[in-house]
Amino acid sequence: MLATILISLYSIVMLVIYGAGFLSFARKVLKIQPAEPPTLWQAGFAGFIPLIWITSLISIFLPIGEIAAFLMLIGAVGLAIRLIRIHPDWVAAWRQSFQKQHVLTWLTICISLITTLVLSTLKPGNSDTGLYHAQAIRWIETFPVVPGLGNLHSRLAYNSNWFPLQAGFSFAFLDLRSFHLMGAVLTGLCLVYFGGGLQGLIKADLRLSHWMRLAFLPLTFYVLASEISSTGTDLPVTLFTWVILCVWLDTLEKPSGSPDWRHVLLVSLPVMLVSIKLSAFPLLLVTLWVLVPGLRTNVGRRTIWSTIIFVLLFCLPWLTRNVIISGYLVYPQTMLDIFNVPWKMPIQGVKDEAEWIVSWARFPRMDKELVLAMPVTQWAPMWFDDLSKNRQIILLVLAAAPFGFGLAALTAWIFFRKSFKDWFHPFTLSLPLWLVTYTGILFWFFSVPRYRFGNGVLMAGLVLVVLCGLGLFRSILKPMTRFIPSGLAVLIIGYTVVVLATSYDPKTLPVRWILPADYVNLPTEPCGFSNFGVACATQYQQCGYKPFPCVPQVVPNVYMRGKSFGDGFEVR
């Protein structure tokens, strides 16, 4: 755990420095004048944007190793010196924020962070980590982006922007192991942010956004406990979805009158998230919601043009990596088939991959052609029956909620019109979140309805249903609001302690005191391609991190383009 703590602290400092630099730059470009300095969590979340861009850009020209780590460190030192000189009030505000927390808030956050620390030292629990995540990260650590890498193994062509960031903080060049802690770092930042909701409630600030933040705190462990030690993309998409919705609700409840730090995050984080996983695409509606009203003002139009330039610059390294790895601008989509590079993956194989994803998400063990031939009226009931009971209940609640609230609203409007506005204030206030969340649920259901892929929007929808449902009874619950936050904090602490106790694993703890658990490496055997050889998996089609290179199986007609693996691969 010692190495985990040191690397996590280093990562957080880097995120805060680069995030503060990004926000400072955004303030200058957009000519905004927020009333207060950015909070520490705002700087931390913003830091993912420039660091993902930097690692993705460097990976085009260099392997992500000691040179890349040195460049990022030098950049952080120079940026920190400049920020201290031009924004001394920011550092002072961050220092004061630690002194204003209630003891119950501190206790909740500290126990949550300790649990995250323990979970982060366990072996990765996501099966896709062994299938291709670990190998994808090792390719980034070993070579600059490799032309036609997707021909070697189609999963390597997915090119999530989460992987260059993981490689940027893996410190594999130290020859200790490839650390995979960015999921834990993000989880820790989110827990501190969600814990701030408890702080607001204890201070009698009963805004809906504070209740939502508090709700997501235990859900982080309920949904993602097994993902914290993995390099998977489900965790960042889920957590950032919750953060974006909480920040958005906060702006709806407490509008600033002019753009501030929250608006910068709401415009930029969804764009970043799409580059991590395409399933986050519906969250771009949040970006549009923030930008469109600005069409009426000069400041708003400048913001829109600045956002367009930001999107182009941010996505350029990611799109470049896509083209080099697969030959396609966005893999596995063939609609944007505009490049004819020698290493381009065969288009039929790419179409088969896209179809297989949909088929596997519905029925993993059924023939692809049979699944895709089913109309929604046939596959949806079968898919629903395969879900566990608790997941079925969640989906039924989400399906019934709009009709239930609609009927309740109609009844209240007819019979209790004077009380209607007060009763349904939480629902009308959060209506934009409902629209985006349910758009995300529909997008997930009709594209890749694997349950874990939809955790972000599904749990967000459930939280909205519960909070708005309880909001109908605010007058009854109001006398108890003085005690409810403290009671919920005690329950959350108790639940977190249970998670900690069940994940303790005393057998491996003596080893994990120094270093976190390494990747799981399964047996492999040598296998030959057309003009080169690698290792092939012999169990579950999983390789892990070692040996390298390793693939699940041999792909026919794939050739190495030169004398080194870094020269790339092509199909002949």
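Things to note:
- Hey, residue 16 buried (at least 23 other Cβ atoms within 10 Å of the Cβ) and among the β-branched types (Val, Ile, Thr) or not: yes
- Any hit, region 113-124, residues being open to solvent by 30 Å² or more (accessible area, probe 1.4 Å), charged (D, E, K, R) and in contact with a helix residue (DSSP H, G or I) (Cβ under 6 Å, 6 or more places away or on another chain): no
- In the set (1) among the hydroxyl-bearing types (Ser, Thr, Tyr); (2) surrounded by 18 or more Cβ atoms within 10 Å (Cβ to Cβ); (3) farther than 30 Å from residue 145 by Cα, the condition left unmet by residue 331 is number (3).
- Candidates are the residues of region 407-437 that are at pLDDT 75 or above and in contact with a Lys or Arg (Cβ under 9 Å, 6 or more places away or on another chain); the one that is surrounded by the fewest Cβ atoms within 10 Å (Cβ to Cβ) is 428.
- Any helices (runs of 4 or more DSSP H) falling wholly within region 347-455 and containing at least 1 residues that are closer than 24 Å to residue 240 by Cα: 347-362, 389-415, 425-429, 431-447
- Hey, residue 468 modelled with pLDDT of 90 or more and more than 25 Å from the chain's Cα centre (by Cα) or not: no
- Residue 344 without any contact (Cβ under 8 Å) to a residue 40 or more places away in the chain, under 28 Å from residue 569 (Cβ atoms) and open to solvent by 30 Å² or more (accessible area, probe 1.4 Å): no
- Helices (runs of 4 or more DSSP H) enclosed by region 154-271 - at least 1 residues per element that are among the charged types (D, E, K, R) and touching an Asp or Glu at 6+ places or on another chain (Cβ under 8 Å): 234-253
- Residue 167 being surrounded by fewer than 24 Cβ atoms within 10 Å (Cβ to Cβ) and of a type in the set (Gly, Ala, Ser): no
- Hits in region 1-33 (condition: over 30 Å from residue 178 (Cα atoms) and among the hydroxyl-bearing types (Ser, Thr, Tyr)): 24
- Apart from one condition, residue 516 fits all of (1) closer than 30 Å to residue 202 by Cβ; (2) open to solvent by less than 70 Å² (accessible area, probe 1.4 Å); (3) touching a residue at least 60 places away in the same chain (Cβ under 8 Å); the exception is (1).
- Test: residue in region 276-284 that is surrounded by fewer than 19 Cβ atoms within 10 Å (Cβ to Cβ) and either of a type outside the set (A, V, I, L, M) or assigned by the TED database to the domain that holds residue 357 (or both): yes
- Flag if residue 129 is in contact with a helix residue (DSSP H, G or I) (Cβ under 7 Å, 6 or more places away or on another chain), touching a residue at least 60 places away in the same chain (Cβ under 8 Å) and open to solvent by less than 40 Å² (accessible area, probe 1.4 Å): no
- Cβ-Cβ distances below 6 Å connect the following pairs, each with a first residue in region 446-458 that is within 15 Å of residue 392 (Cβ to Cβ), a second residue that is surrounded by fewer than 18 Cβ atoms within 10 Å (Cβ to Cβ), and a separation of six or more residues or different chains: 451/391.
- Positions within region 66-103 being within 28 Å of residue 229 (Cβ to Cβ) and open to solvent by 20 Å² or more (accessible area, probe 1.4 Å), in sequence order: 66, 67, 70, 71, 73, 98, 101
- Restricting attention to region 519-545 and to residues that are crowded, with 18+ Cβ neighbours inside 10 Å, in contact (Cβ under 8 Å) with a residue 60 or more places away in the chain and under 31 Å from the mean Cα position of the chain (by Cα), the residue that is farthest from residue 564 (Cα to Cα) turns out to be 519.
- The numbered conditions (1) open to solvent by 20 Å² or more (accessible area, probe 1.4 Å); (2) within 19 Å of residue 283 (Cβ to Cβ); (3) hydrophobic (A, V, I, L, M, F, W, C) are all true for residue 245 except (1).
- Criterion applied to 554, 558, 465 was being open to solvent by less than 30 Å² (accessible area, probe 1.4 Å) and over 30 Å from residue 391 (Cα atoms), and the one residue passing it is 558.
- Complete set of residues in region 19-53 that are under 22 Å from the mean Cα position of the chain (by Cα), open to solvent by less than 40 Å² (accessible area, probe 1.4 Å) and of a type in the set (S, T, N, Q): 42
- Residue match in region 544-558 (condition: in contact with a Pro (Cβ under 7 Å, 6 or more places away or on another chain), at pLDDT 90 or above and of a type outside the set (A, V, I, L, M)): no
- Restricting 205, 234 to residues that are acidic (Asp, Glu) and closer than 19 Å to residue 426 by Cβ narrows the list to 205.
The values are calculated or read from the model by the stated rules, or taken from the named source; none is laboratory data. Because the structure is predicted, anything quoted here is derived from the model rather than measured. Here Cβ is always computed from backbone atoms with ideal geometry, including for glycine, and neighbour counts include all displayed protein chains. Side chains included, ligands, DNA and RNA excluded: accessible areas come from the protein's heavy atoms. Shrake-Rupley method; radii C 1.70, N 1.55, O 1.52, S 1.80 Å.
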